[in-house]
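Notes follow once the structure below has been shown.
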Amino acid sequence: MEYKLDNREYYDNRELSWLRFNYRVLEEAIDDHNPLLERFKFLAITSSNLDEFFMVRVGGLKDQVKMNYHEPENKTKMTPGEQLENISRLNRENCTAQYRIFNDLKDELESYGVYFKKPEDLPERFKVEADEIFDEEIFPSLTPLGIDAYRPFPKLMNKKINIFVNLSNELGDQTAIVQLPTIIKRFYTFHDDGRTYVVLSEDIIIRNVGKLFKGYKIDRTFAFRITRNADLTIHEEGAQDLLIEIERFLKERTKGAAVRLEIDSGGNSAIKGSFLMEELSLGENDVYKFDGPLDLTFLFEFVSNLKGRHPNLIYKPFEPQSPKFLGTDDVYERALKEDIFLHHPFESFQPIVDFVKEAAADPDVLAIKQTLYRVSSDSPIIAALKEASENGKQVSVLVELKARFDEESNVHWAKELEDAGCHVIYGMNYLKTHSKITLVIKRVRNKLVRFVHLGTGNYNDSTAKQYTDMGIITTDPDIGDDAINFFNYLSGYSLKPEYKSLHVAPFEIRDLFDDYINKEIAFHKEHGNGYIFAKMNSLTDKKIIDKLLIASQEGVKIDLVIRGICCLKAGIPGVSENIRVVSIVGRFLEHTRIYYFRHNGQDKMFLSSADMMTRNMIKRVEILFPVNDERFIEELKEINELYLRDNKKARYQKPDGTYAYVRNDAPLLSAQEELMRRALKVNREQIEHKENYLLTRIRNRFKKSN
């Protein structure tokens with residue numbers, strides 16, 4: 001059979017697919033299933049996402065153009081220059097929608113007595129108060145920067161807001177910039193008779209900016225913000241100590257070339273920003289003008305400040321529940337009997353914290369080994385590892401210093417762990433270690449038992465309440481052997497091990513996917529029931545995409561639940577008509593990676609830290625691990641089916657690569673809401689079971705005493 005492949009119409013560009021994903025996040029801000037303040041948070045998320053996109057993806061493409069690299073990418077055949085043009089076009093559409101939504105939400109918020117105001121539009125007494133705030137809190141921290149032959153254009157900080165000032169006196173026109181210091185608040189609130197007025201700091205400064213330039217007339221002011229290229233190279237080759245190299249790299253990152261200029265034009269079309277464009281070496285495609293405040297990430301703090309007064313405008317609180325397959329049992333006692341499955345944030349992350357904390361204090365534990373990619377700012381797991389080392393245990397920790405935008409935090413944790421006596425390694429040359437694994441070696445009845453936790457998400461107790469992730473704790477001997485070999489491979493010098501149960505990237509995970517898709521095609525040809533399910537963050541690897549297209553053309557049914565980037569276009573007749581792509585954006589960030597191959601009823605199920613992305617499978621150390629327990633396989637099949645039935649938050653991909661909400665006649669269902677409901681139900685049943693057990697014991701004792 002001759003397969004239809006390598007036509008650019010069958011694929012989507014990675015960067016444009018990401019922008020469509022960010023638009024899906026933006027759509028949550030207009031979804032009235034979400035409470036009003038939560039919708040503001042989705043605006044903040046889109047803004048934060050976009051900052052990183054420009055710093056990394058756009059920055060990298062601009063570097064390629066500067067180096068005269070014009071090779072097309074391998075799917076849609078766009079050159080770097082063509083990608084930048086298309087990014088500019090699509091992102092402008094997104095940004096126009098973003099500010100339209102922001103202004104609509106502002107209007108809606110006024111019905112709850114909350115008003116965004118310019119200082120000059122405040123009631124008189126608050127105008128005075130705002131001016132006093134400027135004089136007492138803001139003015140002392142400001143440094144006006146004149147620009148002339150003696151005062152060159154300043155090196156402006158990445159992502160910080162500045163005020164551009166045109167001013168004049170009898171000697172002529174001048175230009176100056178006022179930077180907003182990081183130490184001042186981004187906004188101030190004023191309360192009066194049930195009303196709350198919100199005023200942005202830059203507006204207070206603009207109102208009072210004349211106080212900084214006495215003797216000059218202020219002709220024009222506007223706020224602006226630049227984004228710098230953070231896609232810089234870490235020079236691993238020849239580095240004697242990667243930690244020192246990372247610290248040097250962090251200083252260099254702040255000096256990256258400007259890749260975007262944002263201007264708050266206030267609706268003034270005369271503001272062009274040409275002077276700034278020239279000084280920053282930017283073109284018109286790099287400039288974004290908005291009629292609204294820059295850097296909408298301030299809305300995170302805005303919502304946090306308001307939620308106490310308006311609890312009805314945020315999500316109803318949800319507390320992660322005791323895990324279905326653990327209950328309130330001790331994690332080590334249960335793991336000796338059977339494997340434990342965990343599903344966050346519907347189920348608590350605390351058992352993972354306890355897994356490490358108990359090991360730190362248990363005199364029968366000899367060693368703890370763990371990989372850390374991103375952890376919370378006040379991590380109980382870090383504290384437990386330090387305690388374990390102080391208690392004389394062998395503690396080995398791989399802290400991935402190259403975790404993008406967490407480098408500084410991870411340098412800090414690496415030093416703390418080293419100071420506590422832990423053996424710390426920083427990863428592998430030219431590879432990021434993104435795998436999530438913990439190994440505890442414990443003496444149980446005079447025998448050493450290897451307890452292993454494997455997961456899809458980071459050891460971060462904070463994000464575990466916001467990201468959907470899964471994990472398994474097991475004492476399976478083969479997995480235990482693999483875990484020891486894995487850590488020895490990371491910390492010492494040896495050839496890559498032959499693993500018994502785990503599949504470890506680079507290369508091995510992609511090879512397994514390739515092999516299992518081939519097998520599914522073979523099973524389908526023989527039995528006619530081929531089926532593949534995969535849930536991930538992003539799908540970009542062309543080799544795997546092409547293999548999925550071949551499977552589809554052979555008749556294999558494929559369901560893909562992909563939150564973000566998807567470079568495969570589904571539903572094209574004769575090409576990908578057997579593939580369905582669904583994206584779910586909701587209250588929680590979908591982060592789980594699940595891979596299932598029916599294999600004519602053999603049910604091959606895997607969880608992983610890796611997406612089907614080339615970078616994950618070729619340039620990272622990742623782990624894909626099998627789900628062998630039939631209970632967990634059935635649980636996962638039910639969860640997968642829930643995501644496919646979602647008709648409240650799910651969007652399906654159309655053959656042109658765009659997305660639309662799933663709409664059908666079935667009862668309205670959100671997979672995330674249903675999983676919360678089920679977790680609460682299981683917890684109630686666990687409590688009732690425990691109460692009935694205790695009641696039965698009391699009755700039996702009473703009968704015996706009589």
Legend entry - Pair E132, D378: separation of 7 Å Cα→Cβ label points (nm): 3.3 nm
Inset, instruction - Could you check the simple spin-label distance between R663 and S168, using points 7 Å along Cα→Cβ, in nm with one decimal? - result: 5.5 nm
Inset, instruction - Determine the alpha carbon to alpha carbon distance for each of K255/K402; K324/K637; K185/K465; K127/K159; K41/K316 and list only those over 20 Å. - result: K185/K465; K127/K159
Inset, instruction - Report the extension gain between D330 and T143 in nm, rounded to one decimal, defined as 0.36 nm multiplied by the number of residues separating them, less their alpha carbon distance. - result: 61.5 nm
Inset, instruction - Rank the residues I618, I594, I698 as a footprinting-exposure proxy: fewest other Cβ atoms within 10 Å of their Cβ go first. - result: I698, I618, I594
Inset, instruction - Quote to one decimal, in nm, the extra length available between R100 and K690 on full extension: 0.36 nm per residue of separation minus the C-alpha distance between them. - result: 207.1 nm
Inset, instruction - Using a Förster distance of 25 angstrom, determine the FRET efficiency expected from the C-beta separation of K542 and E85, and round it to 0.05. - result: 0.65
Inset, instruction - With a cut-off of 19 Å, note down the residues of region 656-693 whose backbone N falls inside the zone around a label point 7 Å from the Cα of K703 toward its beta carbon. - result: 690-693
Legend entry - FRET efficiency estimate (nearest 0.05) - Cβ-Cβ, F275 to E634, R0 60 angstrom: 0.40
Inset, instruction - Treating cross-link reach as a plain straight distance, find the aspartates and glutamates whose alpha-carbon is under 12 Å from the alpha-carbon of K569, omitting any fewer than eight places away in the same chain. - result: E9, D12, D546, E577, D656
Inset, instruction - Would you kindly state how much longer the chain becomes between L495 and K4 on full extension, computed as 0.36 nm times their sequence separation minus their alpha carbon distance, in nm to one decimal? - result: 172.9 nm
Inset, instruction - Give me the angle, in degrees from 0 to 90, between the Cα long axis of helix 80-110 and the longest principal axis of the Cα atoms of the chain, rounded to the nearest 10. - result: 80 degrees
Legend entry - Ascending count of other beta-carbon atoms within 10 Å, so fewest first, for D541, D107: D107, D541
Inset, instruction - Indicate the gyration tensor shape class of region 331-501 (rounded, prolate or oblate), computed on the Cα atoms with a ≥ b ≥ c the square roots of the eigenvalues: a/c under 1.5 is rounded; otherwise a/b larger than b/c is prolate and the rest oblate. - result: rounded
Inset, instruction - Rank the residues I687, I234 as a footprinting-exposure proxy: fewest other Cβ atoms within 10 Å of their Cβ go first. - result: I687, I234
Legend entry - Computed [θ] at 222 nm, helices only, for the chain once each DSSP H run of length n ≥ 4 contributes -39500 (n - 2.57): -12000 deg cm²/dmol
Inset, instruction - Assuming a ≥ b ≥ c are the square roots of the Cα gyration tensor eigenvalues, decide whether region 520-666 counts as rounded (a/c under 1.5), prolate (otherwise, with a/b larger than b/c) or oblate. - result: rounded
Legend entry - Average Cα contact separation per residue, the chain, under 8 Å, 6 or more apart, as relative contact order %: 12 percent
Inset, instruction - Output the pairs from K436/K654; K62/K436; K557/K604 with a Cα-Cα distance over 22 Å in this structure; if there are none, say none. - result: K436/K654; K62/K436
Legend entry - Label-point gap, in nm, between V65 and F300 - each point 7 angstrom along Cα→Cβ: 2.9 nm
Legend entry - Modelled FRET efficiency - R0 25 Å, E319 with L642, Cβ distances, 0.05 increments: 0.75
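Read-outs: derived from the displayed coordinates by stated rules, not from any lab. Being a predicted model, the structure only gives us computed values, none of them experimental. Cβ: placed from backbone, ideal geometry, glycine included. Neighbour counts: every protein chain shown.
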